[in-house]
1. Strictly greater than 19 Å: what percent of every Cα pair in region 44-134 meets that?
2. On a full-extension model of 0.36 nm per residue, what is the gain between Ala89 and Ile63, subtracting their alpha-carbon distance, rounded to one decimal in nm?
3. Stretched out fully, how many nm does the piece from Ile78 to Leu56 gain, at 0.36 nm a residue minus the Cα gap?
4. Quick check: pseudo-label points 7 Å beyond the Cα along Cα→Cβ at Val112 and Ala24, how many nm apart are they?
Amino acid sequence: MNRSDIMRISALFEIALGSASLIAARFWIGTTNIVGRHVSHGDTTEAFALTYAFILLQIAIGIIGVMNAEKGRMSTVIFGILAFIPQIAHFFHIKGSIILVLMNLAAFAVPVLYTFTAYKLFKGDNKTIAFSKK
């Protein structure tokens, strides 16, 4: 398995996480316990618009990663860095248990893998790193 394969896998994980977030956000719109009573309707609308923007960014980053998995492009590295934005925004809005914190820390692995692999491909390093046939 070379770095192009790992790039493809991490990009597919970005798409999967974005799609799951899109489905979850769609279900949250119909619930009444999303926000407290102290939050205005305008703030809630802005929060959902920002959430959808981050989700669509995450899906677009995944699609770009799949398209550029064979090529080392600087744009893929930049989008890899942008992949941290939705994850960081989500991480700082965690309220609740330590389990949610740990799950979100584990979710940082996908943007890290995406960005690292995109950088290595940009530098021209597409060597086989795992599961090599001898």
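1. Across region 44-134, Cα pairs with separations above 19 Å total 49 percent.
2. Separation in residues times 0.36 nm, less the Cα-Cα distance, equals 7.3 nm.
3. Between Ile78 and Leu56, full extension yields an extra 6.3 nm.
4. Modelled inter-label distance: 1.9 nm.
All of the numbers you see were taken from the coordinates with simple rules; none came from a lab. Only a predicted model underlies this, so the values are computations on that prediction, with no experimental measurement involved. Glycine also receives a Cβ, built like all others from the backbone with ideal geometry; neighbour counts cover every protein chain displayed.
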